[in-house]
Amino acid sequence: MILSVILTIVHVIVCLFLVVVVLLQSGKAADLAGAFGGMGSQTVFGPRGAATALSRATTASAVLFMVTSLGLSVIATRQSGSAGGGAKSVLESVKDPGAAPTPTAPGSVPPPLAPAGGAAQPTVELLDPTTGKVVSKQPLELPPPPAAGQKQEQKK
């Protein structure tokens with residue numbers, strides 16, 4: 001726990017330092033000849049000077065960034081594995097499609113039902129607006145599904 005907090009603090013500091021160091025550097029073709037496509041030297045890949053302190057700091061901070069990132073991911077994996085009783089798969093959280101539907105709370109709107117096989121015909125309940133009691137139930141008439149290969153016509 002304490003290791004993950006310390007590693008997170010170091011990681012954030014390294015991230016900020018890396019951003020600053022990269023922004024302070026000048027590009028490879030920052031001189032006047034680079035603006036017009038000149039390479040500035042007769043070497044194959046352009047002029048190459050000695051590594052400056054800024055480029056060394058960039059390399060060191062990039063390596064430290066990768067190490068802290070890997071360390072944080074390993075710590076997060078171990079913590080989630082021990083807290084949950086083992087590593088869990090994403091597929092374990094998917095509900096079984098054949099399972100019974102969960103009951104809805106009173107006052108909420110249940111999902112629409114479609115008659116399937118020998119299922120009961122859905123009904124529409126007419127309520128009295130003053131009392132809120134059911135006055136009558138009428139069968140809901142659903143249009144037949146379109147046949148395979150036919151496009152459903154849209155009403156205008």
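The values are calculated or read from the model by the stated rules, or taken from the named source; none is laboratory data. Just so it is clear, the structure is predicted and the values come from calculations on it, not from any experiment. For neighbour counting, all protein chains shown are included, and Cβ atoms are generated from backbone atoms with ideal geometry for every residue, glycine included.
So here's what we get for this one:
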quantity	calculated
Boolean, Val74 is modelled with pLDDT of 75 or more and not in a strand (DSSP E or B)	yes
Candidate set from region 77-91 (those that are of a type outside the set (S, T, N, Q) and modelled with pLDDT under 60); member that is farthest from Leu18 (Cα to Cα)	Gly85
Subset tally (residues that are surrounded by 11 or more Cβ atoms within 10 Å (Cβ to Cβ) and either closer than 20 Å to Leu24 by Cβ or modelled with pLDDT of 70 or more (or both)) for region 34-51	2
